[in-house]
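Structure first, commentary second.
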Amino acid sequence: MRVRTERWTKLAARGRFKMEAKARIGGIDYTAISAPKIDRSLMSAPLSVGNCTSATLGLSILTDDAISPAAPIVILGRLTDGNVYSEWKEFGTFFIDQRDTSYAGLLTVDCFDSMLKANQSYVSDSDSAAEWPKPMKTVVEEIAYRIGVGVDPRTKINTGTDYVVGFPSGKTMIQVLGSIGACHGGNWIITEENLLRLVPLVTSPDETFHLIDEDYEKIKTVEGDQLIYKQQLNYNAVLPPATGESPSSAIPITHYITDEYGAKIVTSDGHFLVWAEDGSIDAVDGLINIPVVCGTLNKGDTVVVTGVTMADESGNSYTAGNDNGIMLTIEGNPYATQGICNALYAAFNGLVYSPYTATKTLYDPATELGDQVKIGDMVHSVLYASTLTFDLDFRADISAPNSEELSEEYPYLSEIKKLKQSTEDLNGAIQRTATELAESIGATDTDVGALAESLAAEVSRASSVEQALAGRIDGETTRAQSAESALADRVASLEGASPGQMRERLQALETTVSGLSTKADNNATAIETLDETLSECLDIVSDLDDTATDHTTRIGALEGATSNNASLISILRNRIVISESTLISVLSRLNVIEGNGNPLMDISVSLLPALNVTTVASAENQEALSVSLNGNVLSVIGSYSELNSFSMPDSPTEEHKWACLVIDTGESDITAVSVNGSQLTADDVAAATNAGVAEGSFIMWVKVDDLINIPITLTLATENKTSVSLVFSFSDTDE
């Protein structure tokens, strides 16, 4: 159960409240929204463990704003009876998966929480197995940091030789998390506060017969005795508390106390109020009474866990307990050992599981998955799944999964086994595709054969045409021979004619022959001219090929020179930074000498946490960067191409790749410190306070797009101490 104010608790217990909801996106609160619908679940099958379930959100927003794809959507809700309003509480941070903008001014989105980010490979091909195995606790801390969430303080991870993770080659972060969760008898979720939490199996509560008031408080006599209407005879086994250590959270966890408008409450001396000093929120009750069920209520058979059986990926099996009741079965877990199996049996032997389904229920919206549930004298179980609708008329469908026929085993299907099944399905699809491809190739071969036959027919037809043409040529030859014979006969007859007639005919024939000879000569000249033109064209093409080759060679040389110049520029830039660092080091030594032995200022530099900035773009930049201080050189490190460009309030028309640094001066009052000769002021103190940094520190926004080309120097000074100069540069991980 989440921590609540007394006002929230009383409004929720009586069930006479309305629910108000809003969506916060990019620092803007949207109230013109449909009722947010959120689905959460620990398991989809009875008594299954090792699940990593992502919560989903369905929402429509009336807005013309352009919502960034990377912008997180935070759902907030509060209770009211019309006169009294509770505090605003977060009910999940989600990211857009699908959006529908079919209607102007209406945005409909389907979202998932950060658990979906874990569905990517844990290690890459470049990672080394030398750093493995690692403790499960360390692995949980790494995965939480990589998906950008903190770790819920209630999460407990066992330590020891059994609780280690080998090199997870080929595995996703979800697979590794699931296997770790199964070893602890629990399931992973992202909480409403955007924290990674392992929720172990919970036994059903005892059936009690207390008399209660309208706030579900047990009625006691003046002597302190509790009133009951029936004697309690049966009690469920009391399970031991979860063992292990809480993983640390690399991402800061802070739960601010807010007013009814959702604004953080600040004390007169500038401090924020939080629920706990370390940001933790402990379960305060863990049991919720459901006062109203407007829909259906179904209950399954109650079962008791009496044993545990595990199997690793190699088929080795381990068992503890017996099968007199239900065996908690965990298959295909790479980290399974007899020691872990024994620990699970010790933790969950006697656990009572009571399946049920209740629709359209009304209860405290601050209830969490894993809380015990009571619905009158009918249901005494645990909240394992919920579908919340944040309407004014708040309703929720809740359940502990049931099966049509409860068997003696509830197999835990690990993500690895699911992957194997998916692989088998994929192999089957590949085999079917291969068969279809082979059939297609066979059909193609048939088509090729038909084409060959067609070509053979064409060749045969061409041969026939050739033979027919040869016959025609022979016929023409015979006809020409006949014509020649006839011509000879005519010549013979002409020889008998008069000489004058013969002379005239001969002259006419010579004239015709001369004309034909002239035409032949003219055609020969044209052919020679055509040959010369073709030769010139070939020469031009050859010259163009040579020119293109020469240009290609020159371009290659220019690219090489450009690459060399870039390398030289990078080397020169590094040398400049080193030289400037050396000069500043010498200057610092001179300052110490001139300062008559005064101590150096104790300066440290860090990045402002992403949670302390106000925009998504700046938060993403802060998360993408790191800093390293080596002597007097402060390197801001990150991928330059992945940084966002955005404007600052004092220069709204100029966009730069901004980063925010926190500089700890080591002094109690920063107004006693000067930076490059300018004294820090109360405005700097206010800016630091608003950013949530410690006293003695101030914030400085730097333009990374300037810093990557020209390092900057910062000299800090104060009375009775030797000043310190730092060189700020940017190291691009893409180069």
Task: Amide H partners (placed H, <5 Å) of V84, local residues excluded - done: none
Open item on the list: Between T5 and F646, what is 0.36 nm times their sequence separation minus the Cα-Cα distance? Round to one decimal in nm.
Closed with: 226.9 nm
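Cα gyration tensor of the range 673-735, axes a ≥ b ≥ c as square roots of the eigenvalues: rounded (a/c below 1.5), prolate (a/b > b/c) or oblate?
Numbers: a/c = 2.54, a/b = 1.45, b/c = 1.75.
It is oblate, given that a/c is not under 1.5 and a/b is not larger than b/c.
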TODO: Pop a pseudo-label 7 angstrom from the Cα along the beta-carbon direction at both S668 and C294 and give the gap in nm to one decimal.
DONE: 6.0 nm
Open item on the list: So, R0 is 30 Å and r is the distance between the beta-carbons of A686 and T653; what FRET efficiency does that work out to, to 0.05?
Closed with: 0.75
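By its C-alpha gyration tensor, with a ≥ b ≥ c as the square roots of the eigenvalues, how is the range 595-732 shaped: rounded for a/c under 1.5, else prolate for a/b larger than b/c, else oblate? Display every interim value, and only then the final one.
Details: a/c = 2.02, a/b = 1.49, b/c = 1.35.
Prolate, because a/c is 1.5 or more and a/b exceeds b/c.
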TODO: Determine the gain in length on full extension of the stretch L106-D546; use 0.36 nm per residue of separation and subtract their C-alpha separation, reporting nm with one decimal.
DONE: 152.3 nm
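May I ask you to sort E642, E207 by Cβ crowding, counting other Cβ atoms within 10 Å and putting the fewest first?
E642, E207
Which pairs in the list K299/K360; K37/K137; K220/K299; K117/K137; K37/K360; K10/K218 are over 22 Å apart, alpha-carbon to alpha-carbon?
Working: K299/K360 15 Å; K37/K137 33 Å; K220/K299 31 Å; K117/K137 19 Å; K37/K360 13 Å; K10/K218 14 Å.
Beyond 22 Å between Cα atoms: K37/K137; K220/K299.
Provide the gained length on full extension for the span Q679 to L538, in nm with one decimal, where the gain is 0.36 nm per separating residue minus the Cα-Cα distance. Show your work: numbers first, answer last.
Values: separation 141, 0.36 × 141 = 50.76 nm, distance 7.85 nm.
Contour length minus Cα-Cα distance gives 42.9 nm.
I need the calculated FRET efficiency for the pair E207 and K264, taking r as the beta carbon distance and R₀ as 45 Å, to the nearest 0.05.
On the way: r = 43 Å, r/R0 = 0.96.
Here the calculated transfer efficiency is 0.55.
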Task: Amide H contacts of A659 (H built 1.01 Å from N, under 5 Å, at least 5 apart or other chain) - done: V702, V704
Task: Rough spin-label spacing in nm, given labels placed 7 Å along Cα→Cβ, for D125 and E245 - done: 3.6 nm
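What FRET efficiency do you get for N322 and M378 if R0 is 30 Å and r is their Cβ-Cβ distance, rounded to the nearest 0.05? Don't skip to the end; give the middle numbers.
On the way: r = 30 Å, r/R0 = 1.02.
E(calc), rounded to 0.05, equals 0.50.
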Open item on the list: Sort I637, I708, I147 by Cβ crowding within 10 Å, fewest neighbours at the top.
Closed with: I637, I708, I147
Open item on the list: Could you list C111, C183 so that the one with the fewest beta carbons within 10 Å of its beta carbon is first and the one with the most is last?
Closed with: C111, C183
Task: A70 paired with T614, simple spin-label distance in nm, labels 7 Å along Cα-to-beta-carbon - done: 2.0 nm
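Laboratory data are not the source of any read-out in this text; all were calculated from the coordinates shown. Since the structure is predicted, the reported quantities are computational estimates derived from the model, not experimental observations. We place every Cβ from the backbone using ideal geometry, glycine too, and count neighbours over all the protein chains shown.
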